[in-house]
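Here's the structure, in structure tokens; my notes come after.
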Amino acid sequence: DTEVTQTPKHLVMGMTNKKSLKCEQHMGHRAMYWYKQKAKKPPELMFVYSYEKLSINESVPSRFSPECPNSSLLNLHLHALQPEDSALYLCASSQTHPQGNYGYTFGSGTRLTVV
Amino acid sequence: DAKTTQPNSMESNEEEPVHLPCNHSTISGTDYIHWYRQLPSQGPEYVIHGLTSNVNNRMASLAIAEDRKSSTLILHRATLRDAAVYYCILRDYNTNAGKSTFGDGTTLTVKP
């Protein structure tokens, strides 16, 4: 299995809702990432997990709450979002150091619309 | 983290070679150069990476300047399916799951 699977593919939520995005991989990768991508812009890093521990938080607002329950699964919990949070949310995974020859494997993303 | 700069857009004719440049003048000795491409409504897809020497794989070739301050992704025969946004990023092999910053990328248009 060489894929990163993200669910749901599309999500519409109100500003008072609570929802979660899910990401799963079975490649044995111990690093997992959340990225946010607005239309016609590059992906922006939000969070990095290394060995199931949060290692990087790019000053993301607390209405986004990541969770890594095990080495295969990454969640992003959403609460009280704003319309400007509407974007494509991408999950990625990779091997970790010291294997310098590693690239990211990205999922297809969750298209989030906040109304 | 080191930054990369790429032209906003490039055009190519189908079945002709395409050379996509990337400047990374602040690259450090432990940075690998990675290339990804993103098709509409999909996540980025890994294309190729290298450290110092030129690299070839089934998708593309990567030419790295001797001083490593620039690189070029080469698609030997562009097809319509190669139309995408191409990103060049740097990955530090000395860090555990470190972060990489995506630049604005190059939008490649392939004309039939």
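The values are calculated or read from the model by the stated rules, or taken from the named source; none is laboratory data. Note that the structure is a prediction, hence the values are computed from the model and not measured. No Cβ is skipped: glycine too gets one built from the backbone with ideal geometry, and neighbour counts run over all protein chains shown.
Which is crowded, with 18+ Cβ neighbours inside 10 Å, modelled with pLDDT under 95, facing chain B (nearest Cβ under 10 Å) and within 22 Å of B:Ser41 (Cβ to Cβ), of A:Gly103, A:Gly109?
Just a single option satisfies the conditions, and that option is A:Gly103.
Which of the strands (runs of 3 or more DSSP E) contained wholly in chain B include at least 3 residues that are β-branched (Val, Ile, Thr)?
In chain B, the matching strands (runs of 3 or more DSSP E) lie at B:106-111.
Given the conditions (1) in a strand (DSSP E or B); (2) touching a residue at least 60 places away in the same chain (Cβ under 8 Å); (3) polar (S, T, N, Q), report the number of the one that A:Ser20 does not fulfil.
Status for A:Ser20: all satisfied but (2).
Quick one: is B:Pro44 surrounded by fewer than 16 Cβ atoms within 10 Å (Cβ to Cβ) and on the phi < 0 side of the Ramachandran plot?
Taking the combined requirement at face value, the residue does not satisfy it.
From the list B:Pro17, B:Pro40, B:Pro7, B:Pro44, which residue is touching a residue at least 60 places away in the same chain (Cβ under 8 Å) and closer than 25 Å to A:Leu45 by Cα?
None of the other options fit; the residue is B:Pro7.
In the set A:Leu81, A:Leu74, which member is more than 11 Å from chain B (Cβ to nearest Cβ), over 14 Å from the mean Cα position of the chain (by Cα), touching a residue at least 40 places away in the same chain (Cβ under 8 Å) and crowded, with 16+ Cβ neighbours inside 10 Å?
A:Leu81
Write out, first by first residue and then by second, each pair whose Cβ atoms fall under 7 Å of each other, whose residues are 6+ apart or on separate chains, and whose first residue, in the range B:97-112, is over 18 Å from B:Gln6 (Cα atoms) while the second is assigned to a loop (DSSP other than H, G, I, E, B).
Close Cβ pairs (under 7 Å, with a partner that is assigned to a loop (DSSP other than H, G, I, E, B)) amount to B:Ala97/A:Thr96; B:Lys99/B:Asp1; B:Lys111/B:Glu14; B:Pro112/B:Glu14.
Keeping to the range B:57-96, report how many residues are acidic (Asp, Glu), within 25 Å of A:Tyr33 (Cβ to Cβ) and free of Cβ contacts under 8 Å to residues at least 24 places away in the same chain.
Filtering the range B:57-96 down to residues acidic (Asp, Glu) leaves B:66-67, B:82, B:92.
Imposing the further condition that a residue be within 25 Å of A:Tyr33 (Cβ to Cβ) reduces the set to B:92.
Then keep just the ones that are free of Cβ contacts under 8 Å to residues at least 24 places away in the same chain; that gives none.
Total satisfying the criteria: 0.
Could you tell me how many of the residues in the range A:43-79 are part of a loop (DSSP other than H, G, I, E, B), out of contact with any Lys or Arg (no Cβ under 9 Å at 6 or more places or on another chain) and either closer than 15 Å to A:Lys22 by Cα or at pLDDT below 95 (or both)?
2
Among the numbered criteria (1) touching a Gly at 6+ places or on another chain (Cβ under 6 Å); (2) free of Cβ contacts under 8 Å to residues at least 60 places away in the same chain, which single criterion is violated by A:Tyr51?
In the conditions (1) touching a Gly at 6+ places or on another chain (Cβ under 6 Å); (2) free of Cβ contacts under 8 Å to residues at least 60 places away in the same chain, A:Tyr51 misses (1) alone.
Among the residues that make up the range A:82-98, is at least one of them farther than 22 Å from B:Val85 by Cβ, aliphatic (A, V, I, L, M) and part of a strand (DSSP E or B)?
no
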